[in-house]
Amino acid sequence: MKKIGITCYPTVGGSGIIATELGMMMAEKGYEIHFITSSLPFRLNRVHSNIYYHEVELNHYPVFQYPPFDLALANKMAEVIDQEKLDILHVHYAMPHAICAILAKDIAKHDVKIVTTLHGTDITVLGIDHSLKKMIRHGIEQSDAVTAVSYSLVEQTKEMVGVDKAIHVIYNFVNEAEYTKKYAHSIREQYGITPDEKVIIHISNFRKVKCVQDVISTFQQIREEISAKLLLVGDGPEYSEMYQLVSKLGLADSVLFLGKQKNVTDLLSISDLKLLMSEKESFGLVLLEAMSCEVPCIGTNIGGIPEVIKHHESGFIVDLGDTEQAAAYAVELLQNEQLLQQFSENALTHVRNLFYSQDIVKQYIDLYDELINEH
Ligand code: GMT
């Protein structure tokens, strides 16, 4: 049985979701999966005899001003590589995971191959930082294989970090069994959404890069034309500023701040349109989640977003900050039931054709096999 170690950020975030779903699907296919993380990955919600979890423990010695988590992680990785005789250690996010994996490979006696998957902010935000750039480059260059979640991210990595290594694009995917449109009419009623109102949704971690103010501004312009509600799902640094902005614009009655939610499929199932107006987005996993629930999307012409939304088919692409155009497209779509239905169907077809989970998992398996058979 082939053995795969996986390290990711175990808390909320697309990279952790992909890493965990990949591990769970690989376990179903007979691989032995070893998660090596600081806490149980939040999406690890299934018991499986092929899945193991190794927690990274931190000792708080008074001599350390900051407990060295990265070293503890590398040490744990080396331990698991040797004890379990891992074939592959797959790390999601370059910093610090790729560096820790390389150090662990040096320490361990058993030979293991390192796969690093780049998810976005590890390059687009951290790659700008001169104190980290060389480390990121080292992590990428020393990995046995590197993947990125979009072509745009490959380009950005080459440009920003200056690496010359082959980077394979393997798109993200969703668990289709979970992300499927449900009948959730009572939820509309619970939130006081009247039958004539359209529902627009935005889901994010409310970081600056998500430009939630542009989502609100787009919604304000949509509301001038049609009756609608905006669901803002998630929490993060910009949350309270956005809350104040909504009150200032007099939109408090039609914008619902829902905070972090576990069952987003229920919310997507009552939504007609999703907005993602980010200024940085290597892929936009939330778009796939929406499309899988038959929700068309409007997104910015940024990073991987145009690789996910098919302009004029499953949604629309607008320039960064062009809320007028976003609102015009939204009104065009929401006012035309036939077009809306067509876009919803296209969204589902598109996600099933291009991002089908079994096809994506197969691409990772092929990559692992290639590396394992290199011996
Ligand atoms: O978007 C975030 O703030 C979270 C971040 C993460 O580390 O999970 O998301 C990144 O990885 C996701 C999974 O590959 C992508 O879908 C997101 O687009 C990407 N975020 C950015 O590039 C800003």
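The values are calculated or read from the model by the stated rules, or taken from the named source; none is laboratory data. Keep in mind the model is a prediction, meaning the values are calculated, not measured. As a convention, Cβ positions derive from the backbone with ideal geometry for all residues, glycine included, and neighbour counts pool all protein chains shown. The accessibility values were calculated without ligands, DNA or RNA, using every heavy atom of the protein model including side chains. Shrake-Rupley method; radii C 1.70, N 1.55, O 1.52, S 1.80 Å.
Round to a whole angstrom and tell me the spacing of the C-alpha centers of the range 183-221 and the range 273-293.
After rounding, the separation between the Cα centres reads 13 Å.
Quick one: angle between helix 69-84 and the longest Cα principal axis of the chain, in degrees between 0 and 90, rounded to 10, please.
The angle comes out near 60 degrees.
In the structure displayed, which of Lys198/Lys362; Lys105/Lys362; Lys3/Lys158; Lys181/Lys248; Lys85/Lys280 lie more than 27 Å apart, Cα to Cα?
With Cα atoms farther than 27 Å apart: Lys198/Lys362; Lys3/Lys158; Lys181/Lys248; Lys85/Lys280.
Once neighbouring chains are kept in place and the probe is 1.4 Å, which whole percent of the accessible area of the range 178-309 is contributed by carbon and sulfur?
Roughly 45 percent of what the probe reaches on the range 178-309 is carbon or sulfur.
Longest exposed-loop-site-free stretch of the chain, with chymotrypsin sites (Phe, Trp or Tyr not before Pro), DSSP loop and at most 16 other Cβ within 10 Å?
It works out to 192-355.
In a shell of Cβ-Cβ distance under 12 Å around Asp214, excluding Asp214 itself, what net charge do Lys and Arg (+1) and Asp and Glu (-1) give?
Around Asp214, the surrounding residues sum to -3.
Please work out whether the range 180-336 counts as rounded, prolate or oblate from its C-alpha gyration tensor, where a ≥ b ≥ c are the square roots of the eigenvalues and a/c under 1.5 means rounded, while otherwise a/b larger than b/c means prolate and anything else oblate?
On the way: a/c = 1.22, a/b = 1.10, b/c = 1.11.
It comes out rounded by the Cα gyration axes.
With a 10 Å cut-off between alpha carbons and a GNM built on the chain, which of Gln335, Gln363, Gln220 moves the most?
So, out of Gln335, Gln363, Gln220, the one fluctuating most is Gln335.
Mind pulling the angle between the C-alpha long axis of helix 337-354 and the longest principal axis of the chain? Nearest 10 degrees, somewhere in 0 to 90.
10 degrees
What are the ³J(HN,Hα) values, in whole Hz, obtained from phi via the Karplus relation 6.51 cos²θ - 1.76 cosθ + 1.60 with θ = phi - 60°, for each residue of the range 186-191 in sequence order, with x given for Gly and Pro?
The phi angles translate into 5, 5, 4, 4, 4, 8 Hz.
What accessible area per residue comes out for the chain, rounded to a whole number of Å², with a 1.4 Å probe?
Result: 44 Å² of accessible area for each residue.
Any chance you could list the semi-axes, whole Å, largest first, of the equivalent ellipsoid that the Cα gyration tensor gives for the chain, using √(5λ)?
38, 21, 20
For His90, list long-range residues whose amide hydrogen, built 1.01 Å from N in the peptide plane, is under 5 Å from its own amide hydrogen.
Gly5, Ile6, Thr7, Val115
What is the set of long-range amide H partners of Gly315 at a cut-off below 5 Å, with H atoms built 1.01 Å from backbone N?
Close amide H contacts, sequence-distant or interchain: Cys297, Lys310.
Starting at the first residue of the range 161-168, write each ³J(HN,Hα) from the Karplus equation 6.51 cos²θ - 1.76 cosθ + 1.60 with θ = phi - 60°, in whole Hz, x for Gly and Pro.
Couplings: 9, x, 9, 10, 7, 5, 10, 7 Hz.
Please report the orientation-averaged projected area of the range 1-115, defined via the convex hull of its C-alpha atoms, in nm². Display every interim value, and only then the final one.
Values: hull surface 28.5 nm².
Seen from a random direction, the Cα hull of the range 1-115 projects 7.1 nm² on average.
Quick one: helix 14-28 against the long Cα principal axis of the chain, what's the angle to the nearest 10°, folded into 0 to 90?
Helix 14-28 and the main axis of the chain meet at about 60 degrees.
Per DSSP helix of 4 or more residues, -39500 (n - 2.57); summed, then divided by the residues of the chain. What does that give at 222 nm, rounded to the nearest 500?
Taken over the chain, the calculation gives -13000 deg cm²/dmol.
Relative contact order of the chain: what whole-number percent is it, with Cα pairs under 8 angstrom and at least 6 residues apart?
Over the chain, the number comes to 13 percent.
Quick one: which residues, 5 or more positions from Cys211 or on another chain, have an amide H under 5 Å from its amide H? H modelled 1.01 Å from N in the peptide plane, none for Pro or chain starts.
Glu279
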